[in-house]
Amino acid sequence: MKHLSTYFALVALAPAALAAQGSADLVLTNGKIYTVDNARPHASALAARGGRVLFVGSDAEAKVLAGPSAMVIDLHGATVVPGIVDAHAHLLSLGNMLQRVNVAGSTSYDEVIARVKAWAKDVRPGVWIQGRGWDQNLWPSREFPTHEELTRAFPNNPVVLTRIDGHALLANAKAMELAHVTAATADPSGGRIVRLASGAPSGVFVDNANGLIDRAIPAATRADTRRAILAAIAEANRLGLTGIHDPGEDAETIGIFEELAKAGNYNLRNYVMLSDPGEPGSTAALGNPYIRRGPQSALYDGHLWIRAIKLYADGALGSRGAALLAPYSDEPSNSGLLLSRPEHIEAWAETALRSGFQVNVHAIGDRGNRIVLDAFDSALKKVPTADHRFRIEHAQILSPEDIPRFARLGVIPSMQATHQTSDMRWAETRVGPQRIRGAYAWRSLLNTGVVIPNGTDFPVEEVNPLLTFHAAVTRQDPSNMPAGGWYPEQKMTREEALQSMTIWPAYAGFQESILGSLTPGKYADFVILDRDIMQVPDTEILGTRVISTWIGGKRVYEAK
Ligand SMILES: [Zn+2]
């Protein structure tokens, strides 16, 4: 009883005590607030001060806290969720895509070329034309293109078009000529030059072979990169994102992030992962300023985290670069590509456990995933560490016996709901009816006790996080197909889907004490939505609009 009376006394005192500390500068009332905090999951009001949540509860209590100059917003019943975080999203690639030609969604090779032509009509001869987004799986043939048509359309400009997944590119003859790539060029390790019957390059370069062309493209200026980053942040805010985890940026790009964040021009909380720095202890790794500096958290008032390293185990399923334990069902001579040696992954895992970095490895195929789990396992045996939070990015196709290993080893599967809905039309053709059971297997993984931070891998998928939410709870595409959902037993509940976009990413980034829920003391990051995504029918989720996006109590986007 003593316990209970103390409890009631605290509850009664709380608002007054808080007010006594100073007044709230922001108060929201009359809303449907989903806090993602089990201690108080629902509320109608929220008060914030100095960018942090001060109070969550009733309208009456919140109003008491409002200071004389507080911004008080009547939500008129709108829905509020914690700031949405995309746990796997490429900021600079999105920015580049927004500045270059976007051919995503093209339903034929002809459409790709027409879109590039329309975009490039004023480009002078000799200037590189870059774009992204083609996907041969959307074309009638479903086959990789060859360069000839593109070469005919652009005889005088080098053209490079990255595949939607970023794991392959298409180059025209001019681009290959400037890159000095010929029939005599050998495939690099972890990469494949797709060839014509003659042995000449077809124009398509897969995984590590991309570098053969990339090296010929003039580097973007710092001003170009800055412009691209700011465009990407604005786009993210517009769609309700307050944070991302950015899997693999180079030191120069991160330097620009820091410049922008220092100046207060970075409206995003970015959990940055360093691109593969080279062998641990190598000149390249030792020369990387962010490796030398060691893990950094919550820099510039919680705008940048630089404490993770991104590696690649294998390629992607769409371009048949994902490493499989047995050959592709639709290409029996191919089992995919390993982009790194397993020892490289293990060496970094061990080094990171000693230095406090997190290691997050891209793995799509069942072989890619097994190699990473094995590498983590042996590193953890050498350097036992309780709270390492190592991650596998995508964890897309898993052998049944590997599913429980995530929980056992403490490895987080970081997955992307819309990869499932984009890939479902052809994924089973790639891997067959058996292996597909361990693909995009959210429920099987959740049942073992792990959390799944959700993301889009943008610009591989669209930025809009509502597509992620919809896919997670329905396993249907935006037109609500197939009926009932694709392998529906793997769906997430709405509560899980919301957690997968808020508190689970926070956990996956060691940020759960300051991010991921609307809890007093945490950052006042939230999104106001015009409908209740936790209640509306499945078919209405994608009709939801973002009314405004807030980071640290500051409005960074408002719908017109
Ligand atoms: Zn990615």
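Cα atoms only, the chain: Rg and Dmax in Å?
That works out to 24.2, 87 Å for Rg and Dmax.
Picking from P332, S444, T151, whose Cα lies most toward the positive end of the charge dipole for the chain (charges on Cβ: Lys, Arg +1; Asp, Glu -1)?
Of the candidates, S444 comes out farthest on the positive side.
Please get the size of the charge dipole for the chain, origin at its Cα centre, with Cβ charges of +1 on Lys and Arg and -1 on Asp and Glu, quoted in debye to the nearest 20.
It works out to roughly 700 debye.
If you take the beta carbon distance between M481 and R124 as r and set R0 to 41 Å, what does 1/(1 + (r/R0)^6) give as a FRET efficiency, to the nearest 0.05?
0.40
If each DSSP helix of 4+ residues adds -39,500 (n - 2.57) and the sum is divided by the residues in the chain, what number results at 222 nm, nearest 500 deg cm²/dmol?
-9500 deg cm²/dmol
Could you give the nm distance between label points at N156 and D387, where each point is 7 Å from its Cα heading toward the beta carbon?
Simple spin-label model gives 6.3 nm for this pair.
Over what distance in Å are the Cα centres of region 448-471 and region 22-72 separated?
So the separation of the two Cα centres works out to 28 Å.
For region 93-214, taking Cα atoms only, what is the radius of gyration to one decimal and the Dmax to the nearest whole Å?
Every Cα atom of region 93-214 included, Rg and Dmax give 13.3, 38 Å.
Past 19 Å, Cα to Cα: identify those pairs from K121/K174; K117/K174; K310/K522; K262/K554, in the order given.
K310/K522
Mark the label point 7 Å from the Cα of T429 along Cα→Cβ and return the residues of region 126-140 whose backbone N is within less than 16 Å of it.
Counting only backbone N, you get 135-140.
Taking 0.36 nm per residue of sequence separation and subtracting the Cα-Cα distance, how much length would be gained by fully extending the chain between E279 and E401, in nm to one decimal?
Here the segment from E279 to E401 would lengthen by 40.9 nm.
Over region 84-172, what is the percentage of antiparallel beta bridges among all DSSP beta bridges, to the nearest 5?
30
What percent antiparallel are the DSSP beta bridges of the chain, to the nearest 5?
Close to 50 percent.
With each pseudo-label sitting 7 Å past Cα toward Cβ, what's the R40-T448 distance in nm, one decimal?
Output for this residue pair reads 3.7 nm.
Every number in this text was worked out from the coordinates using simple rules, so none of it is lab data. Please read these numbers as outputs of a predicted model, since none were measured by experiment. Neighbour counts are summed over all protein chains in view; Cβ atoms, including those assigned to glycine, are modelled from backbone coordinates with ideal geometry.
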